[in-house]
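Data block below; observations after.
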Amino acid sequence: MGLPAAVAAAVLVAGWGWAANAADLGTVRVGVLEFGTVNWELDVIKENGLDAKRGFDLEVQGFASGQATNVALQGGAVDMIVDDWLWVSRQRAEGQMLTFVPFSSTVGALMVPPGSEITSLEDLQGKKLGIVGGPIDKSWLLIQGLAAERHQMDLASVVEAVYGAPPLMSQQIEAGALDAVLTYWHFAARLEAKGFEQLLGVEDAVRQLGIETEVPQLGYVFFEAWAEANPELVQAFADASREAKALLRTSDAEWERIRPLTRAEDDATFAALKARFREGIPDHWGEAERADAARLYDLLAKLGGEELVGRAAELQPGTFWPPVTF
């Protein structure tokens, strides 16, 4: 009886030691949309112990809207949220010293029905176009910029634009009430699984506008002061994020495990979501990508003006958290 008891005690002590090490750096509280795609990556971190492996504890808090996550960050209820670096730059210009590390390069796509006669941006003239995100949505501005550069078209003036939420726009195009739709990537993937075709990805439009590198569009956003007080914690989180992405890039088994989180209605939808998510995993993040981000910002500032970028005529220094590169 003595030996098993001693072994049990040793195991218990070892477990306590592991638990203590797992929280050496503290906790990262990430605020997310309840059904947002970032949950897939965060679940991989948590379920595979990638946070504990690096000495911190990941805590995920779900919210009903993007505005609610912003309020939670501003109020200190969470340490990080997911947003784009354009918003971060605007916030910095207004005195809110936020900063950014990459999550995904995937934004959205311009989709058309199966067998559509629309095969180029020029063919959108006179068509009914559904647009998610409103008149100054970044994707819509970039598509307009490309149409102007390549085809000398004022796209906004030659289409019948219909603005709405992603689920509504998907319903409308499936019902034949729209000729094309510009929507977020995961809604585009669901349409793709139903036979709809991608006319143009927003990432392709960015490249055609002269941005040579793959610039991550979405990322983890946090206050610079918090990062300066917890630099090892930020780096540990970034490393765990990268390892989770590596798993999602290579492991079909891991995708099967998180399949319920994707809410895929069928195998085709699941396959499309997996493929498009993998396409959006950033491979590099360094000086070249940051320089291209500044060029992309200049382009968007010209297209969207003060309504989009506020008082920040150029990308604000510090928008990207300097220590995180890969």
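Here are the numbers for this structure:
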item: Residue among Glu265, Glu279 that alone is within 30 Å of Ser170 (Cα to Cα), surrounded by fewer than 19 Cβ atoms within 10 Å (Cβ to Cβ), assigned by TED's automatic domain parsing to the domain that holds Gly95 and within 16 Å of the chain's Cα centre (by Cα); result: Glu279
item: Residue tally, condition surrounded by 14 or more Cβ atoms within 10 Å (Cβ to Cβ) and more than 22 Å from Asp84 (Cβ to Cβ), over region 171-189; result: 7
item: Tabulated pairs, region 181-205, first without any contact (Cβ under 8 Å) to a residue 24 or more places away in the chain and not assigned by TED's automatic domain parsing to the domain that holds Val162, second among the hydrophobic types (A, V, I, L, M, F, W, C) and crowded, with 21+ Cβ neighbours inside 10 Å, C-beta under 7 angstrom, 6+ apart or interchain; result: none
item: Breaking point among (1) surrounded by 15 or more Cβ atoms within 10 Å (Cβ to Cβ); (2) in the same structural domain as Ala52 (by TED's automatic domain parsing); (3) in contact (Cβ under 8 Å) with a residue 24 or more places away in the chain, for Trp255; result: (3)
item: Helices (runs of 4 or more DSSP H) fully within region 157-208 counting 2 or more residues that are modelled with pLDDT of 95 or more and in contact with a strand residue (DSSP E or B) (Cβ under 7 Å, 6 or more places away or on another chain); result: 166-174, 185-193
item: Residue satisfying condition, being in contact with a helix residue (DSSP H, G or I) (Cβ under 7 Å, 6 or more places away or on another chain), farther than 25 Å from Pro135 by Cβ and at pLDDT 95 or above, within set Pro317, Pro282, Pro323; result: Pro323
item: Tally of residues being surrounded by 21 or more Cβ atoms within 10 Å (Cβ to Cβ) and among the aromatic types (Phe, Trp, Tyr) across region 210-244; result: 3
item: Verdict on Glu306 being surrounded by fewer than 17 Cβ atoms within 10 Å (Cβ to Cβ) and either outside any strand (DSSP E or B) or among the polar types (S, T, N, Q) (or both); result: yes
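The values are calculated or read from the model by the stated rules, or taken from the named source; none is laboratory data. As the structure is a prediction and not an experimental result, all values here were calculated from the model. Heads up, the Cβs are rebuilt from the backbone with ideal geometry, glycines too, and the neighbour counts pull from every protein chain shown.
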